[in-house]
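Read the figures in this text as sums done on the coordinates, not as results from a lab. Please read these numbers as outputs of a predicted model, since none were measured by experiment. Every residue, glycine among them, receives a Cβ derived from its backbone with ideal geometry; neighbour counts consider all protein chains shown.
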Amino acid sequence: MSSHELKTVIAAADRAIMAEDFDALMDFYDEQATLVIRPGLEVSGKEKIAKAFVAITDYFNHSLKITQDRMTVIEGGDTALVLAEAVLETTGTDGVVTTITRRATYVFRRLGDRWLCVVDNSYGTDLLDEV
């Protein structure tokens, strides 16, 4: 998997999140993409996703660091399912660093020579625990 181009795309999107460059981040999303903010709360469309990321960075005290550890990509036609271990590190207002590892699921669609995120679900199958 280390050579799949989506690994590079996702790393660039993570850098945009950490830089709080939400205009650049929106270049990675399909117009009708859906972001899982937390179990039971989703938003769709670039405008709502950008606003959600502003709120997310506020929530995490503008200290969010994101990396993807293990990752695998399953392609079918112009669609790809990405399974990844997303590692989030945050620093609270008290200075305490917290690390959270999630088994994320992302769905991408190839549009020409670009991959665009259609579903961004950092909670992965943990959403089943809410059903």
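On the stretch given as the stretch 83-131, residues that are free of Cβ contacts under 8 Å to residues at least 60 places away in the same chain and in contact with a helix residue (DSSP H, G or I) (Cβ under 7 Å, 6 or more places away or on another chain) total 4. The set of residues from the stretch 58-70 being over 13 Å from the mean Cα position of the chain (by Cα) and not acidic (Asp, Glu) comprises TYR59, PHE60, ASN61, HIS62, SER63, ARG70. Condition (residue is in a strand (DSSP E or B) and buried (at least 17 other Cβ atoms within 10 Å of the Cβ)) applied to the stretch 46-63: is it met by at least one residue? Looking through the stretch 46-63, none of the residues is in a strand (DSSP E or B) and buried (at least 17 other Cβ atoms within 10 Å of the Cβ).
Would you confirm, using the coordinates I've provided, whether ARG103 is within 12 Å of the chain's Cα centre (by Cα) and among the basic types (Lys, Arg)? Yes. Consider TYR59 against the criteria (1) free of Cβ contacts under 8 Å to residues at least 24 places away in the same chain; (2) under 19 Å from ALA104 (Cα atoms); (3) of a type in the set (Ser, Thr, Tyr): it satisfies all of them except one. Which criterion is unmet? Answer for TYR59: the failing condition is (2). All of ALA13, ALA86, ALA33, ALA80 fail the test of being within 11 Å of the chain's Cα centre (by Cα), among the small types (Gly, Ala, Ser) and part of a strand (DSSP E or B), apart from ALA86. Kindly provide the set of residues from the stretch 25-43 that are surrounded by 14 or more Cβ atoms within 10 Å (Cβ to Cβ) and either without any contact (Cβ under 8 Å) to a residue 40 or more places away in the chain or in contact with a His (Cβ under 6 Å, 6 or more places away or on another chain) (or both), ordered by number. The answer is LEU25, MET26, ILE37, GLU42, VAL43.
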